[in-house]
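The values are calculated or read from the model by the stated rules, or taken from the named source; none is laboratory data. Note that the coordinates shown come from a computational prediction; the quantities given were computed from them, not determined experimentally. We place every Cβ from the backbone using ideal geometry, glycine too, and count neighbours over all the protein chains shown. These accessible areas exclude ligands, DNA and RNA; they are computed on the full protein's heavy atoms, side chains included. Shrake-Rupley method; radii C 1.70, N 1.55, O 1.52, S 1.80 Å.
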Amino acid sequence: PLIKEKDFVNAAGKKINLKTKLPIEGRRNFTAVVVGVTDGKIVLKDSEGKVWEIELSNVGKARCEVEI
């Protein structure tokens, strides 16, 4: 599981599954690549190329996706 800011920094470039506590643009579930962390926000890029900035305090669950 990814919990602290440093966990997300270490996961940069990896695909993760993330569930937020509160919806962002009607979504709570994200599968995206971690771009980085800035000012307490996780920056994600999804498969459609959209960039999401999610407050660290809004993260419910986050895990690295297993690649086979």
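Label-to-label distance for residue 64 and residue 39 is 2.9 nm, based on points extended 7 Å past Cα in the beta-carbon direction. Stretching the chain fully between residue 9 and residue 27 yields a gain of 4.2 nm (0.36 nm per residue, less the alpha carbon separation). Peptides 27-33, 62-68 ranked from most to least packed by the mean count of surrounding Cβ atoms within 10 Å: 27-33, 62-68.
Calculated mean residue ellipticity, 222 nm, the chain: -2000 deg cm²/dmol, from DSSP H runs (n ≥ 4) at -39500 (n - 2.57) each, averaged per residue and rounded to 500. Charging the Cβ of each Asp and Glu at -1 and of each Lys and Arg at +1, and nothing else, the dipole of the chain about its Cα centre rounds to 220 debye.
Averaging Cα coordinates gives a centre for region 1-18 and one for region 24-61; these two points are 10 Å apart.
Taking all protein chains as they are arranged and a probe of 1.4 Å, the heavy atoms of residue 6 leave approximately 130 Å² accessible to solvent. Run the accessible area of the chain with a 1.4 Å probe and give the carbon-and-sulfur part as a rounded percent. The C+S portion of the solvent-accessible surface of the chain is 50 percent.
So what is log10(I(q)/I(0)) for the chain at q = 0.23 1/Å, when the Debye sum runs over its Cα atoms only? Each listed q maps to, in turn, -0.96.
Distant-in-sequence amide contacts of residue 2, defined by a placed amide H-H separation under 5 Å and a gap of 5 or more residues or a different chain, comprise 62, 63, 64. Ranking of 47, 57 by solvent-accessible surface, largest first: 47, 57 (1.4 Å probe, protein heavy atoms only, all chains present). Taking Lys and Arg as +1 and Asp and Glu as -1, the other residues whose beta-carbon sits under 13 Å from that of residue 64 total +1.
The mean accessible area for residues of the chain, using a 1.4 Å probe and ignoring ligands and nucleic acids, is 68 Å² per residue.
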